[in-house]
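Asks: First the structure, then my questions, so here it is.
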Amino acid sequence: MEKLNGAAQLVRALEDLGVTEIFGYPGAAVVDIYDELYNSKKIHHTLARHEQGAVHEADGYARASGKVGVALVTSGPGATNTVTAIATAYMDSIPLVVISGQVSTGLIGTDAFQEVDTVGVTRPVVKYSFLCKKPEDIVPDIRKAFYIASTGRKGPVVVDIPKNCQTKRYVFEYEQGGEVRLRSYNPTVFGHRGQVKRACDELLKARRPVLLLGGGVVQGDACNEARQLARMLRLPVVCTFMGLGAFPESDPQCLGMLGMHGLYAANEIMNGSDLVLAVGCRFADRATNNVKKFCPDATIVHIDVDPASISKTVHADIPIVGDARVVMGQMLQVLKDSEIRPNSELDPWWKQIDEWRRIHPLGYTKKEGMIRPQEVIEKIYEKTKDLDPIVTTDVGQHQMFTAQFFKFDEPRRLISSGGLGTMGFGVPAAVGAQKALPGRLVLCITGDGSFQMCMQELAVARKYAMPLKIFILDNSVLGMVRQFQTVFYHHRYAGTNLDFNPDFVKMADAFGCEGFRVKPGDDIGAAIDRALAVKDRSCIVDFITDTNAIVLPWQRADGSMIEMILDEEGN
Amino acid sequence: MRHVVSILIENEAGALSRVVGLFSQRGYNIESLTVAPTEDPTLSRCTILTTGESEEIEQITKQLHKLVCVLRVTAISEEPEGGLERELVLIKVPTPNRGIREDIKSIADIFSARIIDVSAEVITMEYVGSSQEVDNFCSTVLKLSDVLEVVRSGVLGIARGNHCMHS
């Protein structure tokens with residue numbers, strides 16, 4: 001038997017759990033762990049430039065790879081800097097383990113240097129958290145953390161380790177891990193058979209059904225089952241923002257995103273449906289608009305691994321608690337043994353859907369002497385679609401334009417902060433995604449506002465010579481807030497002018513990236529080609545775009561799904 | 001609507017703060033809260049008196065159950081045979097003269113309250129009953145005498161019949 005100290009046990013346990021990549025930032029309270037990481041041949045450590053960046057990187061890594069992302073930070077400010085990033089992962093149900101150092105147990109509660117109650121500060125934004133009070137707790141807690149983070153509804157778990165538990169002086173036997181069992185935590189996997197049967201019966205009776213896919217389908221690796229189900233029954237498919245890519249958007253059976261800035265036809269379908277089969281979505285306010293007016297004629301079948309998501313905002317007529325992949329598998333089995341209606345029975349529904357698509361397709365008008373942001377996204381899509389890129393975004397207009405104009409055909413291709421809406425997510429998430437998938441094309445579509453919130457992480461991209469393509473839709477304003485001000489606040493642009501932005505091209509140079517600007521009149525396609533040709537480092541393209549662009553369609557607040565502003569005149 | 005929610009949680013540091021945090025985080029009310037270890041010292045039982053519509057209570061119990069440290073949750077009033085509730089109150093009254101002392105003693109007798117401490121000028125009583133009964137007891141004492149201190153335990157709840165939280 002091997003005797004190891006606490007820090008070495010932690011590193012060994014991480015190795016045994018299959019961790020190969022950690023994103024972190026050292027400090028006094030984790031220096032023992034860093035000292036042990038220095039010996040590890042299996043774990044590579046990426047030094048972030050800010051703890052928020054480190055956790056977003058681990059998050060991007062997790063979203064791109066499907067594995068648990070791991071971050072390591074020090075106590076006090078190291079830990080508090082991670083809060084936004086942990087909350088980001090929590091809202092989008094991303095499996096993360098965040099390891100933080102803590103002051104020695106004897107100092108806890110004394111307001112020691114760099115002491116903060118990390119478990120307390122992060123409590124509302126974690127799935128669970130541990131404070132290891134003795135060295136022997138570290139390994140069992142880490143194993144539990146991985147188990148909790150990666151099962152059920154996934155999410156971030158914090159493990160706070162006091163400095164004296166890591167120390168070199170105290171060694172003890174390392175115990176090999178067995179199966180983790182927690183009596184108080186047993187996520188439901190299989191759907192209730194009776195409910196599954198009822199759901200299938202209703203689905204076969206429905207004449208205006210719709211399949212709504214959320215982030216749980218992506219995170220639960222249930223896309224194949226969703227696709228089979230949709231194709232078997234010829235269901236129109238609508239995705240939430242987090243569900244984009246669960247079903248191929250370029251397939252005519254897919255109507256794209258619903259909600260506040262969803263596509264006209266997608267919102268009409270929801271409103272007109274007689275049955276919504278919702279899988280792995282939580283009926284967020286941005287998706288449903290006013291829940292009282294949501295899908296008035298529809299029977300709601302809701303499959304979710306989290307019972308608390310069911311009937312939280314929208315009442316589910318047929319709730320099914322269980323893993324999305326397993327429950328849809330159960331449904332497929334039931335349907336295979338059932339007499340399926342001829343798919344032609346949905347002809348009138350599809351005719352109506354095609355009519356909706358025809359009358360208000362997604363579009364924009366070109367304007368002389370201006371680069372329209374939609375045009376840039378359209379061009380990026382056109383130029384990169386055959387390269388199957390991973391696309392990260394920040395938050396704002398560019399994010400919605402990406403959701404609308406970039407067609408995602410596979411899951412884990414769109415990486416974006418949907419629930420929390422964290423500006424600054426895009427660049428570090430791209431770094432994390434590129435770490436997870438070294439040979440792949442990773443794009444970061446961002447805005448001039450968001451980009452400045454975590455741009456220091458470009459140093460990491462530079463260090464690893466990552467060929468990220470960072471496309472800034474630079475309109476010199478905070479476009480999403482500004483469009484509210486344009487429409488609802490009489491053009492009073494309070495606090496939304498980003499005048500005195502840095503010169504992003506010079507900044508690219510300072511960070512060792514290629515950088516150039518694209519002005520109105522320049523060839524957008526050629527600019528994208530030029531960026532794609534840069535292979536040995538990141539490339540920043542600064543597109544000077546129309547300041548007055550508005551994301552459309554735009555649902556009217558508190559209205560039904562189909563109360564939408566469709567043109568720039570406000571109609 | 002008033003609801004008594006019973007929660008079986010791991011008896012570990014921070015578990016209670018997760019339960020309480022959930023209530024404030026999601027905007028639910030806590031009217032009263034009690035917690036103590038059970039016969040199994042690794043578990044604590046927590047009873048929370050809350051108010052809300054039944055959909056809200058359903059959401060509260062689901063959210064509580066989602067907490068990793070929570071083993072079981074039941075809304076006592078929703079149990080098939082209903083629930084039992086008890087509350088303990090300790091009440092300290094000044095007894096400056098014999099007349100008042102006699103009055104207090106007879107009130108204690110009528111309510112079957114116990115006098116648990118007597119000093120030259122103060123009597124302390126304990127009384128156990130439903131929240132309604134505790135309210136009645138306290139208001140009766142208040143009508144008769146000044147009151148120095150009132151301490152209520154908060155509601156404890158248990159299901160009627162053979163419905164149990166364990167096993």
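Asks: Roughly what angle does helix B:98-111 make with the longest principal axis of chain B, taking Cα atoms, 0 to 90 degrees, to the nearest 10?
Replies: 40
Asks: Rounded, prolate or oblate, given the Cα gyration tensor of the stretch A:1-75, with a/c below 1.5 counting as rounded?
Replies: Values: a/c = 2.46, a/b = 1.31, b/c = 1.87.
Because a/c hits 1.5 or more and a/b fails to exceed b/c, the stretch A:1-75 counts as oblate.
Asks: Restricting things to Cα coordinates, could you compute the convex hull volume per residue of the stretch A:171-328 in Å³? Provide the component values of the computation, followed by the final result.
Replies: Values: hull volume 24.0 nm³, N = 158.
Dividing the Cα hull volume of the stretch A:171-328 by its residue count gives 152 Å³.
Asks: If each residue's Cβ is checked for other Cβ atoms within 10 Å, how do A:Glu115, B:Glu102 rank with the fewest at the top? Walk me through the numbers before you get to the answer.
Replies: Working: A:Glu115 18, B:Glu102 11.
With the fewest neighbours first, A:Glu115, B:Glu102 line up as B:Glu102, A:Glu115.
Asks: Enter the Cα centre distance for the pair the stretch A:433-507 and the stretch A:327-364, rounded to the nearest angstrom.
Replies: 38
Asks: Please list, by residue number, every one of the trypsin sites (Lys or Arg not before Pro) in the stretch A:333-426 that is coil in DSSP and has at most 14 other beta-carbon atoms within 10 Å. Present the calculation step by step, with values, prior to reporting the outcome.
Replies: Details: sites: A:Lys336, A:Lys351, A:Arg357, A:Arg358, A:Lys366, A:Lys367, A:Lys379, A:Lys383, A:Lys385, A:Lys407, A:Arg412, A:Arg413; in loops: A:Lys366, A:Lys367, A:Lys407, A:Arg412, A:Arg413.
In loop regions of the stretch A:333-426 (DSSP not H, G, I, E or B), the sparsely surrounded trypsin sites (Lys or Arg not before Pro) are A:Lys366, A:Lys367.
Asks: Moving to a separate point now. Starting from the exponent 0.38 and prefactor 2.2 Å, build the expected Rg for the stretch A:3-173 from its residue count and divide its actual Cα Rg by it.
Replies: With N residues counted in the stretch A:3-173, Rg over 2.2 N^0.38 Å equals 0.91.
Asks: Cα-based Rg (one decimal) and Dmax (whole number) for the protein assembly as shown, in Å?
Replies: Rg and Dmax of the protein assembly as shown, Cα atoms, are 29.5, 101 Å.
Asks: Taking only C-alpha pairs under 8 Å that are 6+ residues apart, what is the relative contact order of the stretch B:84-156 in percent?
Replies: On the way: 123 pairs, mean separation 36.9, N = 73.
Across the stretch B:84-156, relative contact order equals 51 percent.
Asks: Still on this structure, please answer the following. Shielding of B:59-69 by partners, i.e. mean partner chain Cβ atoms within 10 Å per residue? Display every interim value, and only then the final one.
Replies: Details: counts 5, 1, 2, 8, 4, 1, 3, 9, 4, 11, 4.
Counting Cβ atoms of other protein chains within 10 Å of each residue's Cβ and averaging gives 5.
Asks: Out of every Cα pair in the stretch B:84-156, what percent are spaced more than 17 Å from each other? Write down the numbers at each step before the final one.
Replies: Details: 897 of 2628 pairs.
Roughly 34 percent, once rounded to a whole number.
Asks: In the structure displayed, which of A:Lys127/A:Lys463; A:Lys67/A:Lys134; B:Lys62/B:Lys92; A:Lys366/A:Lys407; A:Lys42/A:Lys383 lie more than 31 Å apart, Cα to Cα? Please report the intermediate quantities before stating the final value.
Replies: Working: A:Lys127/A:Lys463 33 Å; A:Lys67/A:Lys134 28 Å; B:Lys62/B:Lys92 40 Å; A:Lys366/A:Lys407 20 Å; A:Lys42/A:Lys383 37 Å.
Those over the limit are A:Lys127/A:Lys463; B:Lys62/B:Lys92; A:Lys42/A:Lys383.
Asks: How big is the antiparallel share of DSSP beta bridges in the protein assembly as shown, given as a percent to the nearest 5?
Replies: Among the beta bridges of the protein assembly as shown, antiparallel pairing accounts for roughly 40 percent.
Asks: Collect residues whose amide H, placed 1.01 Å from N in the peptide plane, falls under 5 Å from the amide H of A:Leu414; neighbours closer than 5 in sequence don't count.
Replies: Those lying under 5 Å, H to H, from A:Leu414 are A:Val391.
Asks: Taking a temperature of 4 °C and a viscosity of 1.567 mPa s, what whole-number D in µm²/s does Stokes-Einstein yield for chain B with Rh from Kirkwood over alpha carbon pairs? Intermediate results must be reported in sequence, preceding the final value.
Replies: Details: Rh = 17.6 Å.
For the chosen part, D equals 74 µm²/s.
Asks: List the trypsin sites (Lys or Arg not before Pro) within the stretch B:1-57 that DSSP assigns to loop and that have no more than 16 neighbouring Cβ atoms inside 10 Å.
Replies: Numbers: sites: B:Arg2, B:Arg18, B:Arg26, B:Arg45; in loops: B:Arg26.
Loop-located and lightly packed - B:Arg26.
Asks: Amide H to amide H under 5 Å from A:Leu441: which residues, 5+ apart in sequence or cross-chain, H placed 1.01 Å off N in plane?
Replies: A:Ile390
Asks: May I ask for the Rg/Rh ratio of the stretch B:2-78, computed from Cα atoms with Rh as the Kirkwood radius, given to two decimals?
Replies: Working: Rg = 11.4 Å, Rh = 12.3 Å.
Using only Cα positions, Rg/Rh for the stretch B:2-78 is 0.93.
Asks: Here is a further query. Can you return the aspartates and glutamates within cross-link range of B:Lys105? Criterion is Cα-Cα under 20 Å, with same-chain partners fewer than 8 residues away left out.
Replies: Candidates past the 8-residue exclusion: B:Asp117, B:Glu121, B:Glu126, B:Glu133, B:Asp135, B:Asp146, B:Glu149.
Asks: Another question, then. Would you please name the chymotrypsin sites (Phe, Trp or Tyr not before Pro) within the stretch A:6-104 that are DSSP coil residues with at most 15 other C-beta atoms within 10 Å of their C-beta? Show your work: numbers first, answer last.
Replies: Numbers: sites: A:Phe23, A:Tyr34, A:Tyr38, A:Tyr61, A:Tyr90; in loops: A:Tyr38.
Loop-located and lightly packed - A:Tyr38.
Read the figures in this text as sums done on the coordinates, not as results from a lab. What you see is a predicted model, and the numbers here were worked out from it, not measured in a lab. With ideal geometry, Cβ positions are generated from the backbone for all residues, glycine too; neighbour counts draw on all protein chains shown.
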